[in-house]
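Asks: Pasting in a structure now, in structure tokens, and then I'll have a few things to ask.
Values in this text are rule-based calculations from the coordinates and carry no lab data. Just so we're clear, the structure is a prediction, and the values are computed from it rather than from any experiment.
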Amino acid sequence: MCYYCVSEMRLRILFLEPQPCIRALKYARGLEAALGDTIVIIFGYLFHTLNALYGGGDEVFDELVKLHPNDLEGDIKRLVNRFHPDVIHSHIAPDFLTISAIEAVNEVSVIHDCNEALTLRETG
């Protein structure tokens, strides 16, 4: 079993994004400030880390895991089996990571967070 799963008293959140954004960093910092070491936040991403994009932020997450774009469902299943998240938080349009998470696992609640209503509309 993984290090982050040792304590059952910890809330475990799996964030999924094509690449981490400032909003995810703010969520993670807020959760960490409110819950301290009773929370574990794992980040599954496709492209770049916060450090690569913004020069910092990776340290807020307990672990960052790069996902393979051709096996999203498989990678998400592996992350769920490894970290046993209580909830999956998928964020940013398009919603293909949310769909992949829903298809990959049934036993974990998946939240799709959109920044604003415009992310739900097709823009051609």
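Asks: Collect residues whose amide H, placed 1.01 Å from N in the peptide plane, falls under 5 Å from the amide H of Val65; neighbours closer than 5 in sequence don't count.
Replies: Residues meeting the amide H criterion: Phe43, Gly44, Tyr45.
Asks: Would you work out if the range 1-102 is rounded, prolate or oblate? Take a ≥ b ≥ c from the square roots of the eigenvalues of the alpha-carbon gyration tensor; rounded if a/c is under 1.5, else prolate when a/b is larger than b/c, oblate otherwise.
Replies: It is oblate, given that a/c is not under 1.5 and a/b is not larger than b/c.
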